[in-house]
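Worksheet for the structure shown next.
Each value in this text was obtained by applying a stated rule to the coordinates, not by laboratory testing. Remember, predicted model here, so these are calculated numbers, not experimental data. Here the Cβ positions follow ideal geometry from the backbone for every residue, glycine too, while neighbour counts run over all protein chains shown.
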Amino acid sequence: MTNIGSYDERVKQFDWSISEKELEYSDGNIINIGWYCSDRICDKGHGGKTALIWEGQGGVEKRFTYNDIRIHSNSIGAYLRSLGIKDEDRVCLFLDRIPELYIGFIGILKIGAIAQPLFSAFGDESLHLRLEDAGTKAILTQRKHVGKVRKVLDQLPRLEHIIVVDHDGKKPLKEKEIAFSMEAAAPVENFEIFPTKAESPSVLHYTSGTTGKPKGVKHVHYSLIGQYLTAKWVLDLRENDIYWCTADPGWVTGTSYGIIGAWSLGVTQCVLDSGFSADAWYSFIERHRVTVWYSAPTAIRSLMKAGKEAVERHDLSSLRHLCSVGEPLNAEAVVWSKEVFGLPFYDTYWQTETGAIMITNVPGMEVKPGSMGKGFPGITALVIDPKTYEPIVEPGRIGLIAFKPGWPSMMRTYWNNEATYLSKFNNGWYLSGDRARLDKDGYFWFVGRDDDVINTGGHLVSPFEVESALLEHEAVAESAVVAKPDEVNMEVVKAFITLKPGFDPNPDLELKIMNFIRKKLSPLAMPQEIEYMDSIPKTRSGKIMRRLLHAKEWGEETGDTSTLEDDE
Ligand code: PRX
């Protein structure tokens with residue numbers, strides 16, 4: 001028996017109060033995600049149960065019980081309070097996947113502050129933009145990343161504390177830096193948790209849009225109602241599961257399902273903080289007897305490349321349920337996983353903005369390889385006409401993926417950017433920015449994004465951000481950035497540039513430009529290739545026609561080019 005039971009029955013009789021009841025929450029009461037993920041599980045008598053199995057570089061392992069999570073997060077919360085951090089202050093987590101990241105997240109939420117996780121591979125410029133926009137007051141980081149914070153500190157007057165969680169005393173701390181060790185801190189047994197309510201802000205995740213400015217997606221504590229139930233019904237998490245979510249908490253999957261979903265259900269989860277290799281991943285599953293695995297298509301395609309032999313070198317018989325998110329999951333990947341693991345990957349579709357799974361395959365439902373499944377119960381998901389914003393009823397016609405607003409984990413706004421938030425709604429629908437078609441059975445089939453955003457290996461990249469970085473180089477006159485097909489990442493970033501007079505289009509210059517932009521962009525946004533052009537195709541009004549360059553890369557028809565500047 002699966003947690004969801006019958007999908008069709010659940011759709012017929014659904015109310016979010018199912019989740020509220022299980023969490024013993026009622027309207028108007030206190031709801032604090034930090035408390036739900038630690039204290040509540042202890043109160044239910046599971047304080048001694050393992051909450052986190054962590055493995056770092058070189059196989060170092062640490063384990064934390066729910067009681068450890070409770071006490072360590074109390075210590076972190078108390079320490080932040082002692083620094084003057086209060087509710088709604090933004091506290092950034094700029095950490096590798098170390099225990100302090102997961103437990104620090106809980107500690108921040110417990111004092112009612114807003115957790116702002118940022119991917120630790122970000123460079124100083126990416127970090128600067130996001131900390132400045134959020135007006136971040138404190139940042140938790142490691143020795144290896146503190147240099148990036150130092151570089152931009154001058155430009156961040158609102159950043160008051162740089163908390164180094166692994167300071168070893170060897171090098172002196174600099175301006176605003178303080179050392180704090182979670183495990184060495186005095187245990188805080190009793191802690192007054194801030195009485196957050198449903199609409200109190202909880203998490204601020206930054207995501208890329210079409211413009212170069214990253215958008216801060218603001219979530220609230222009530223999001224738990226959606227994250228808890230989707231983790232229970234879609235990931236099918238149960239009491240004795242060993243769950244592995246491979247996403248980094250710098251991205252929304254790593255918080256909604258890599259922290260909140262599993263811990264609010266009192267499930268044991270594991271984290272692997274080291275690089276990817278098929279053997280390393282399979283032996284991790286084998287060693288910890290992982291039962292439920294939530295990963296992403298890029299990783300799955302890399303595993304496919306490593307072949308069946310790599311699977312056969314390990315005992316993966318513990319696996320019970322597999323899910324995927326972040327990019328289109330090819331039908332071949334589902335067929336392959338059935339063949340080698342005896343289980344299909346269940347595709348799930350959602351966004352930073354939606355906070356939780358929206359369209360999905362659930363256990364018990366027929367999986368159609370290549371399809372994203374159907375709307376989660378309680379979610380009105382549909383495909384609408386891009387011109388009229390009216391629902392498309394006939395199967396097969398491509399339209400925009402839209403949702404009826406009102407689910408618990410929906411973002412509440414974009415930080416400092418209400419206008420862009422409001423622009424995401426039309427005719428009463430929330431517009432996802434993706435295109436899809438429905439089949440006759442109501443399954444969604446992903447078609448592509450409706451904007452120019454590039455999805456490379458599950459990471460969204462704004463073409464404008466890359467174009468702007470290129471334009472800052474002295475040799476670059478114009479730039480245009482599009483996605484190019486790639487076997488593993490599905491899409492990679494490709495840049496087209498024209499040069500200013502006096503510069504020679506040679507490989508040496510390309511290398512120089514690459515090195516120049518590397519300092520400005522996150523490693524994920526770096527172009528794989530730069531192509532020199534004599535001119536960049538533009539509309540009469542001067543807008544870059546990325547569509548045309550995109551079509552060229554993908555070997556597609558170029559369509560209507562009548563507005564091309566060069567046609568004039
Ligand atoms: O384009 C869709 C793609 O990823 C976008 C959301 O990215 P992000 O906010 O970073 O969140 C990723 C993890 C929740 C979507 O607008 N995407 C996400 N899941 C799928 C997908 N594309 C195809 N199939 C999916 N299952």
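Some observations on this one:
- Rounded to the nearest 0.05, the FRET efficiency derived from the C-beta distance between Lys424 and Ser541 at R0 = 35 Å is 0.90.
- Additional length obtainable on full extension of the chain from Glu531 to Thr210, 0.36 nm per residue less Cα span: 113.4 nm
- All lysines inside 18 Å of Lys215 as judged from Cα atoms, apart from same-chain residues fewer than 8 positions distant: Lys424, Lys520
- The convex hull defined by the C-alpha atoms of the range 296-361 has an orientation-averaged projected area of 4.6 nm².
- Rounded, prolate or oblate (a/c below 1.5 giving rounded, otherwise prolate when a/b exceeds b/c) for the range 448-568 by Cα gyration tensor: oblate
- Dipole in debye (nearest 20) - the chain, about Cα centre, beta carbon charges: Lys, Arg +1; Asp, Glu -1: 1180 debye
- By the rule of a C-alpha distance below 16 Å, with chain neighbours fewer than 8 residues away ignored, the aspartates and glutamates paired with Lys174 are Asp154, Glu160, Asp166.
- Theoretical FRET efficiency, 1/(1+(r/R0)^6), r = Cβ-Cβ of Glu239 and Ser26, R0 25 Å, to 0.05: 0.50
- Charge tally around Gln528: other residues with Cβ under 13 Å, Lys/Arg +1 each, Asp/Glu -1 each, net -4.
- Rounded if a/c under 1.5, otherwise prolate or oblate - the range 283-322, Cα gyration tensor axes: oblate
- DSSP-assigned coil residues among trypsin sites (Lys or Arg not before Pro) in the range 323-410, each with at most 12 further Cβ atoms within 10 Å: Lys387, Arg397
- Computed extension gain for Ala184 through Ser82, at 0.36 nm per residue and net of the alpha carbon distance, reaches 35.1 nm.
- Under Stokes-Einstein, with the Kirkwood radius over Cα pairs as Rh, the value for the chain at 37 °C and 0.692 mPa s is 133 µm²/s.
- Straight-line cross-link partners of Lys440 among the lysines, defined as a Cα under 23 Å from its Cα and at least 8 positions apart when in the same chain: Lys12, Lys368, Lys374, Lys387, Lys404.
- Glu286-Ala121 pseudo-label distance in nm [points 7 Å out on the Cα-to-Cβ vector]: 2.6 nm
- Helix runs (DSSP H) in the chain reaching 18 Å along axis by Cα, Kyte-Doolittle at least -1.0: 66-82, 297-312
- Spin-label model, Lys500 to Lys176: label points 7 Å out along the Cα-to-beta-carbon direction sit 3.3 nm apart.
- Placing a label point 7 Å from the Cα of Lys368 along the Cα-to-Cβ direction, the residues of the range 428-453 with a backbone N closer than 12 Å are 437-446.
- Two-site FRET efficiency, Gln155 against His46, from Cβ-Cβ distance with R₀ of 56 Å, rounded to 0.05: 0.80
- Under the combined filter of DSSP loop state and at most 15 neighbouring Cβ atoms within 10 Å, the range 144-243 retains these GluC sites (Glu not before Pro): Glu160, Glu175, Glu183, Glu189, Glu192, Glu199, Glu239.
- Of all DSSP beta bridges confined to the chain, the antiparallel ones make up roughly 55%.
- Estimated vicinal HN-Hα couplings, Hz - the range 196-201 in sequence order (Karplus 6.51, -1.76, 1.60; Gly, Pro = x): 5, 10, 3, 8, 6, x
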